[in-house]
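Notes follow once the structure below has been shown.
The values are calculated or read from the model by the stated rules, or taken from the named source; none is laboratory data. This is a predicted model, so every value here is computed, not measured. Reconstructed Cβ throughout: ideal geometry from the backbone, glycine too, with neighbour counts over all protein chains shown.
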Protein chains: 2
Amino acid sequence: MTAPTDHTDATDPAQVDQAQSNGNLSQGRTLISVDAMGGDEGPAAVVAGCSLSAKINPDIAFILHGDEAQLAPLVQRDPHLGGRCDIRHASGVVSMDDKPSHVVRTGKDTSMWATVESVRSGESAVAVSCGNTGALMAISTIRLRKLPGVNRPAIAVLYPSANKNGFNVMLDVGADIRADAEDLLRFALMGASYARNGMDLKKPRVGLLNVGTEEHKGRAELKEAYDLIRAQEMEVGYDFVGFVEGGDISGDKVDVIVTDGFTGNVAIKTGEGTAKLVGLRLREAFKYSVLSKLASLLAYTSLRRLSVKIDPRRVNGGVFLGLNGTVVKSHGSADATGVSAAIKLAAQLAQNQFNERLAARIAATLPVEESPE
Amino acid sequence: MTAPTDHTDATDPAQVDQAQSNGNLSQGRTLISVDAMGGDEGPAAVVAGCSLSAKINPDIAFILHGDEAQLAPLVQRDPHLGGRCDIRHASGVVSMDDKPSHVVRTGKDTSMWATVESVRSGESAVAVSCGNTGALMAISTIRLRKLPGVNRPAIAVLYPSANKNGFNVMLDVGADIRADAEDLLRFALMGASYARNGMDLKKPRVGLLNVGTEEHKGRAELKEAYDLIRAQEMEVGYDFVGFVEGGDISGDKVDVIVTDGFTGNVAIKTGEGTAKLVGLRLREAFKYSVLSKLASLLAYTSLRRLSVKIDPRRVNGGVFLGLNGTVVKSHGSADATGVSAAIKLAAQLAQNQFNERLAARIAATLPVEESPE
């Protein structure tokens, strides 16, 4: 730990922070509840991410959950978090290996639990955590509860694509390993709503992931979901392009990819892994000869531009959809840039009142349901 | 059409070819049955691919199925196919849009049917087609029939990876959209056998694709398959590393990835699409400025080396496993290089007597089955 910085009286930094009431903290700002303990990089990376965000966005403030003894000095010496970050002590930490069912039973003292609780109580507008995805989804589902009409919540991510926006929305990528036709319809509604509010797309193009684009292909629940999603097209105002294939996830044919959490999870991890392999081979190629080393020096800015463009940290954040409250799951290995990207997304969704709109959309489609369940 | 070349009397090129009996054709060579009509690029690309292979490999010869009027001049003017390529006329062509069930009922006159039939009769050692995958699998299953003990055949591909070999074997990637625990065990046996005979790996590392590596994760059939594959580990002589995730497909943790055909199909298409997107962004980055254009010139050989290394055409060929005979499915859009890669793979498998070994392996594991079905 370094010495306290001189911009504040830090005889007891934690108490100085705690003394700032939420009233002072918010002042019309969007309050973001952050789990400081969950990520692989530890609380320092999370606090650094909050600091980055605070510097750029004056309209947000933080409630930081975790070990006060570790957090207070980090917050105290930060130049951007003064008066905009409240620390709430939580003694427990959810580890990456903890089983969700175990955390739900015994994890009330954890920073993750407190982070979600802060959204449930209405104190914060949105929650952000880098921690164990399964545990975060379990706590969020139990504490926030599912929106009326939603049977399975979903995790949506932004996947790099050849789209004008540079990204598709893809869901579910792992909230649940199953999804029936009705779930897939909800995913389409939630994904379209997310694309509308998170990506400013008026009429998002929605595709249902399958092993071929012909209508006769695929599992029975996919054919059923196809009809359900088609039936809502006019009412909800998306453009249903029908079945799409794995190659369309990174293409420019759709804005929203709908699939079950098993397939979606395998797909994004396969894509990430493949991109990593291409990067590895690219570096090898540039190390091959003196000439190629020289080329790589000249190409440095180009390659840097490329890596910024496809840097997963810059679109870091899976959003939990279908709950009474918004929860953003940041990558476990997120550094300050990654955490900051997740916070940016969380702030945007909160400020757009995304979840209220989504709830209204789901509710509006309930009466017109025509599925042969 | 160009004039006939002068290395042969070509008053009736088709008859000249037809006159060469199979006895002359084989002469101890491995006979490969090729569907000349199936691919997007037409018969010229297929014949050019055969020619490329014939030039490199003196131990192979071809039986080419398709429209004689189109094929004869192509073969006739080729410098490498003389005396090593027999044309068998077939009037029908399976299109990419034909439904497999329709082809099975009405497609007996097609080049694809004849290509498979040539393996069934024992005339050819292996079949190669660039055509409609579903139709090829349907014809192959009906004519060659499944190996005893195999309920679902599978399509295996080589996927680029950080492995020493540069590739993993992945199956099933789309023969069937379903697979139960017993099927997944067979896939593990077949994939290990393929890695042993196609990639010279003595003790292949086998992984079962899931959404996490913890044993408690995933669908019920995956947990059951986990136990079945574990139980055969010593007997069959592979190294079962347990559950793997999407990111491991391109990693160096396993040599064989086992999954159902739905997930596998989405995964390889997602990976291909992502690699394509990275390539697109890379080209954009290099076009950005004068300096980056100069860099791209200098980097030309490096980038060329990279694209050769990850060129899907060079490992072109899905292999149908679990049938009484080997069928290699080349990419529909394969050019001469792609077709030649598929032929190389087909020849290697035939010369290793892969299918006989695989059948023996499956048969050997039948008595020790302990699954609670």
Tally the residues that are out of contact with any helix residue (DSSP H, G or I) (no Cβ under 9 Å at 6 or more places or on another chain) and among the aliphatic types (A, V, I, L, M), restricting the search to segment A:242-271. 1
Restricting the search to segment A:324-355, which residues are of a type in the set (Val, Ile, Thr) and either surrounded by fewer than 24 Cβ atoms within 10 Å (Cβ to Cβ) or outside any helix (DSSP H, G or I) (or both)? A:Thr326, A:Val327, A:Val328, A:Thr337
It is to be established whether one or more residues within segment A:200-220 are farther than 16 Å from A:Val157 by Cβ, modelled with pLDDT of 95 or more, among the small types (Gly, Ala, Ser) and in a helix (DSSP H, G or I). no
Subset of segment A:225-250 (residues that are closer than 24 Å to A:Asn165 by Cα and in contact with an Asp or Glu (Cβ under 8 Å, 6 or more places away or on another chain)): A:Glu233, A:Asp239, A:Phe240, A:Gly242, A:Phe243, A:Gly246, A:Gly247
Which of the residues belonging to segment B:280-293 are more than 7 Å from every other protein chain (Cβ to nearest Cβ) and part of a loop (DSSP other than H, G, I, E, B)? B:Lys287, B:Ser289
All but one of (1) away from chain A (no Cβ under 12 Å); (2) buried (at least 18 other Cβ atoms within 10 Å of the Cβ) hold for B:Phe167, so report the exception by its number. (1)
Which one of these does A:Val315 not meet: (1) within 9 Å of another protein chain (Cβ to nearest Cβ); (2) closer than 28 Å to A:Asn210 by Cα; (3) modelled with pLDDT under 85? (1)
For the subset of segment A:329-369 comprising residues that are basic (Lys, Arg) and modelled with pLDDT of 90 or more, which member is nearest to A:Ala138 (Cα to Cα)? A:Lys329
Hey, does segment A:239-259 have a residue that's in a helix (DSSP H, G or I) and surrounded by fewer than 24 Cβ atoms within 10 Å (Cβ to Cβ)? yes
Among the numbered criteria (1) surrounded by fewer than 22 Cβ atoms within 10 Å (Cβ to Cβ); (2) within 14 Å of chain B (Cβ to nearest Cβ); (3) under 22 Å from A:Gly149 (Cβ atoms), which one does A:Gly198 miss? (2)
If I go through segment A:170-195 residue by residue, how many of them are surrounded by fewer than 24 Cβ atoms within 10 Å (Cβ to Cβ) and part of a loop (DSSP other than H, G, I, E, B)? 4
Would you confirm whether or not segment B:207-226 contains a residue that is over 29 Å from B:Val327 (Cα atoms) and away from every other protein chain (no Cβ under 14 Å)? yes
Matching residues, segment A:97-122, being in a helix (DSSP H, G or I), of a type in the set (S, T, N, Q) and under 17 Å from A:Lys329 (Cβ atoms): A:Ser111, A:Thr115, A:Ser118
Restricted to segment B:209-238 and to residues being farther than 25 Å from A:Gly134 by Cβ and not β-branched (Val, Ile, Thr), the residue surrounded by the most Cβ atoms within 10 Å (Cβ to Cβ) is B:Tyr238
Matching residues, segment B:228-279, being closer than 26 Å to B:Ala364 by Cβ and within 7 Å of chain A (Cβ to nearest Cβ): none
Any residue at all in segment B:76-94 that's over 22 Å from the mean Cα position of the chain (by Cα), part of a helix (DSSP H, G or I) and touching a residue at least 60 places away in the same chain (Cβ under 8 Å)? yes
